[in-house]
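Quick note: the coordinates plus some simple rules give every number you see, no bench work behind them. Here the structure is a predicted model, which is why all the values come from computation and not from measurement.
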Amino acid sequence: MTFVLALATMLLHITPTVVLVTRPAAVAALLPDAQTFLAREIHLSDADAHRLHEAVDWSPEDGVLTFYTGRNGDAVTGALTFVRVDTPHGPVEIAVGFETSGAIRKVVVTKATVETKPWLIEALRAGLTSSYEGMQPGATPDGAGAVQSAVGPMPAYMAERVDRGVARALAAYGTFYR
């Protein structure tokens with residue numbers, strides 16, 4: 001079995017995962033006014049999972065969406081979710097924070113692989129995540145388009161993967177969280 005996993009890793013050339021931003025740091029950046037947090041798990045029915053798959057080509061691995069709601073006293077300050085996007089070069093994890101209005105507050109790339117990290121860093125330095133701020137559920141992310149002329153082909157490709165993750169978070173929030 002170990003040989004099969006090693007062979008699959010070589011063929012897919014997936015390198016180890018690295019943390020770009022810790023989850024606690026991402027939560028602090030995305031829900032800065034929150035004093036307490038509540039994890040809200042949404043267990044998808046088969047029909048809901050299919051609807052999400054049809055909308056954004058995504059089926060959460062375990063059929064569960066998890067949103068973290070930030071609170072300050074009795075007031076909700078926002079919500080966030082972590083989304084994983086698989087690429088031939090390995091997984092990328094992003095955190096998407098939402099205002100109470102439903103608009104995206106901020107997006108943070110939290111994990112990448114050793115191979116994809118420099119590509120993602122280049123796209124992030126070009127302003128990739130700022131293009132998502134203020135987007136509402138139903139909008140189509142195009143951060144990749146915003147940075148395409150400022151980055152190389154692989155950072156542009158990774159920006160497209162981040163767009164996909166943001167689209168998934170928007171669809172999940174708009175359909176199941178609100």
Estimated translational D of segment 74-124 in µm²/s (Stokes, Kirkwood radius over Cα pairs; 4 °C; 1.567 mPa s)
107
So who's got an amide H within less than 5 Å of the one on Thr87, skipping anything under 5 residues away but keeping other chains? H placed 1.01 Å off N, in plane.
Val92
Using θ = phi - 60° and Karplus 6.51 cos²θ - 1.76 cosθ + 1.60, couplings along segment 38-52 (whole Hz; Gly, Pro as x):
10, 7, 10, 9, 10, 8, 7, 6, 4, 5, 5, 4, 5, 4, 5
Cα-Cα P(r), segment 16-177, percent of pairs per 10 Å interval
11, 41, 36, 11, 1
